[in-house]
Amino acid sequence: MKLTSFGASEGVTGSCHLLEVNNSKVLIDCGIFQGGQEERDKNDEEFGFDPASIDHLVISHAHLDHIGRVPLLRKRGFRGEIHSTRPSYDLARISLLDSANLIARSTQWKNKKLRQKGEPLIKPLYDEEDVLDVIEQWTHNEIKYNEKTKLCEGVELTLNDAGHILGSGFLAFDLKEGNDTRKFTFSGDLGNTDKPIIRDPRTPNEADFVLMESTYGDKNHVPFSQSISDLETAITETFARGGNCVIPTFALERAQELLYVLHEMWHAGKLPDDVKIFLDSPMAISATRIFEKHPDFYDKDAHELLSTGGNPFQFPPLNYTRATKDSIAINEVQNHALILAGSGMCTGGRVLHHLKHNLTRKECGVIFIGYQAQNTAGRKILRGDEFVTLYGETVPTNSEVYVVNGFSGHAGQKELTTWAEDTKADNVFIVHGDPETKVEFKQHLKNNINANNVQIMPHAKSIDLLAF
Ligand SMILES: [Zn+2]
């Protein structure tokens, strides 16, 4: 009975953990490595195990750092069963197709350079066809929360609501080898409390052994109510100056939460009568359609809203602009527009042309509600650079810049600690965090919960679960 981490054990992305019980192999997540070149180079490497030997793949949720290498896994021989909730399956379909598209474009760009140098060309990590094959293989896609499923001899899985994104789960395994039994729980990504639309993370059942994320293991978030009032201030100030707000938006979950909050503001009469809200991202529009299909995954507040005739995804000022010409037409709007567009860190996508049109105007506002990584245009605007390069053009940053914290999809230190405590596990292994964060969170857990054994999960080194 062994557990080995092959991803998210050195950094925060590339989640991939192998569980071996009796003679079966169960892989948990198969995410892509994201971030700097060094991280991204890992995607091409060997998995560390034979993909053809995997019997089952269980998906915690549909973020690419948890599913992004599944098509590659298949390409390299994986033919086992794939298990997830229905929203994870639906969201994975659009995320993986988008990922294949991005990979195709970056491969094309790299090959252009290689061709100029007369060097051998490279092949894409995977393509659209690989994604469609995975979708066909993904037949166990109706897993319900809190219901036990037998995967194979000695392995039973219960998926619980992790409150992170629509359909996300933490995974509780009941394991049996001979007369030995163990309860093992993998946290996946745990959500923040009080988020719109989805429910708070469920309280976990008891476990012997826990593998848990630590993305925000060293800090706490501001309360969500504070974020909403900060957002209101940013919008009100910008509209009073006669400008538009550009909000760089992540397509999955963040966009839908923003729509929910904006619907509340509109309904409460906090937005001007002539306000126009644009969701200007084909990917975010597709993700929103999936949210609309799954009200059974909403929390109580969202249900109440729907039952009283409200709908955060369909209300008068909201415009979905999928077609390019509709996106370009937004440039004509001079004021009282809320423009939600990707990419969330301004590294590409339609947000770039909206920034180009609005950044130069001092009456406009750029509102950051998500993390902006180093070396992104988003980070440069956020830190107050006077100019930023967009489409190779130098653009002055005259508009106001606002930062709204607290929209994070991840549990903060306090919630992570409570979750670990609730499992009553004696053995807690930490993954999915920056190296310093993991060290700090490990110490924090040692000081604050009753577990005897708190460790940082090693990379590619098997842990014998029966040794604990
Ligand atoms: Zn996630």
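Here is a yes/no grid of residues against (1) part of a helix (DSSP H, G or I); (2) within 15 Å of the ligand (Cβ to nearest atom); (3) outside the structural domain of Thr149 (by TED's automatic domain parsing); (4) surrounded by fewer than 23 Cβ atoms within 10 Å (Cβ to Cβ):
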{"site": "Leu19", "(1), (2), (3), (4)": "no, no, no, no"}
{"site": "Lys25", "(1), (2), (3), (4)": "no, no, no, yes"}
{"site": "Gly31", "(1), (2), (3), (4)": "no, yes, no, no"}
{"site": "Glu46", "(1), (2), (3), (4)": "no, no, no, yes"}
{"site": "Ala52", "(1), (2), (3), (4)": "yes, no, no, yes"}
{"site": "Ile103", "(1), (2), (3), (4)": "yes, no, no, yes"}
{"site": "Lys110", "(1), (2), (3), (4)": "yes, no, no, yes"}
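Checked against (1) assigned to a helix (DSSP H, G or I); (2) more than 25 Å from the chain's Cα centre (by Cα); (3) free of Cβ contacts under 8 Å to residues at least 40 places away in the same chain, Trp266 meets all criteria but (3).
Are any of the residues in the range 149-160 on the phi < 0 side of the Ramachandran plot and within 16 Å of the ligand (Cβ to nearest atom)? Looking for residues that are on the phi < 0 side of the Ramachandran plot and within 16 Å of the ligand (Cβ to nearest atom), one finds at least one in the range 149-160, hence yes. Across the range 54-89, the number of residues qualifying as away from the ligand (no atom under 16 Å from the Cβ) and out of contact with any Leu (no Cβ under 9 Å at 6 or more places or on another chain) comes to 5. Scanning the range 161-172 for residues that are surrounded by fewer than 24 Cβ atoms within 10 Å (Cβ to Cβ) and under 17 Å from the mean Cα position of the chain (by Cα) yields one hit, Asp161. Of the residues making up the range 386-428, those that are assigned to a strand (DSSP E or B) and either in contact with a helix residue (DSSP H, G or I) (Cβ under 9 Å, 6 or more places away or on another chain) or surrounded by 23 or more Cβ atoms within 10 Å (Cβ to Cβ) (or both) are Phe387, Val388, Thr389, Leu390, Glu393, Val395, Glu400, Val401, Tyr402, Val403, Asn427, Val428. Ile235 fulfils the conditions (1) modelled with pLDDT of 95 or more; (2) within 16 Å of the ligand (Cβ to nearest atom); (3) out of contact with any Pro (no Cβ under 6 Å at 6 or more places or on another chain); (4) within 20 Å of Asn405 (Cβ to Cβ) except for a single criterion, (2).
The values are calculated or read from the model by the stated rules, or taken from the named source; none is laboratory data. Note that the structure is predicted; figures quoted are calculated from it, not measured. Here Cβ is always computed from backbone atoms with ideal geometry, including for glycine, and neighbour counts include all displayed protein chains.
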